[in-house]
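What follows is one structure encoded as structure tokens, with my remarks underneath.
The values are calculated or read from the model by the stated rules, or taken from the named source; none is laboratory data. The structure displayed is predicted, hence computed values, not measured ones. All Cβ positions, glycine included, derive from the backbone under ideal geometry; neighbour counts span all protein chains shown. The accessibility values were calculated without ligands, DNA or RNA, using every heavy atom of the protein model including side chains. Shrake-Rupley method; radii C 1.70, N 1.55, O 1.52, S 1.80 Å.
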Amino acid sequence: QAQLVESGGGLVQPGGSLRLSCAASGSIFSTNNVAWYRQAPGKQRKFVAVLTTDGVASYADSVKDRFTISSDNAKSTVFLQMNDLKPDDTAVYYCKLMIGGTWGQGTQVTVSS
């Protein structure tokens, strides 16, 4: 079974940027769509962005024009570039394989001054 490992979270001031990574064993993202979700304290996990195997990206309205999802050439790591971060972006961010439903362990993003 594929394993996903997120990294890149941390504490950032409002208006700042972070880049999250989701690393998989092998080039699994060449055959499986991958998505980022986030879960704020006390709230349900919500969709953030998805990248298809054809390289098509879609975003939640709340992050459109601020976040960018992409993958490396080897299709073994997916990134979430987050710009102009806001306090409402504070959450644990998870990546997920859309076929099979494998989740990573999550990485904490905190946006605060």
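Values for this structure:
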read-out	value
Residues of the stretch 1-49 satisfying the condition of being open to solvent by less than 30 Å² (accessible area, probe 1.4 Å) and of a type in the set (Val, Ile, Thr)	VAL12, VAL34, VAL48
Pair list, Cβ under 7 Å, 6 or more apart: the stretch 9-34 residue within 13 Å of TYR93 (Cβ to Cβ), other residue open to solvent by less than 30 Å² (accessible area, probe 1.4 Å) and part of a loop (DSSP other than H, G, I, E, B)	VAL12/LEU85; LEU18/LEU85; CYS22/GLY104
Selection status of ASP61, surrounded by fewer than 20 Cβ atoms within 10 Å (Cβ to Cβ) and acidic (Asp, Glu)	yes
Answer from ASP54, ASP84 - the residue that is at positive phi and open to solvent by 50 Å² or more (accessible area, probe 1.4 Å)	ASP84
Number of the exception - LYS75 against (1) within 17 Å of GLY101 (Cα to Cα); (2) modelled with pLDDT under 95; (3) open to solvent by less than 70 Å² (accessible area, probe 1.4 Å)	(1)
Selection from the stretch 44-61 of residues that are closer than 24 Å to ALA91 by Cα and touching a residue at least 12 places away in the same chain (Cβ under 8 Å)	ARG45, LYS46, PHE47, VAL48, ALA49, VAL50, LEU51, THR52, ALA57, ALA60
Condition check for ARG66: buried (at least 18 other Cβ atoms within 10 Å of the Cβ) and either at positive phi or not hydrophobic (A, V, I, L, M, F, W, C) (or both)	no
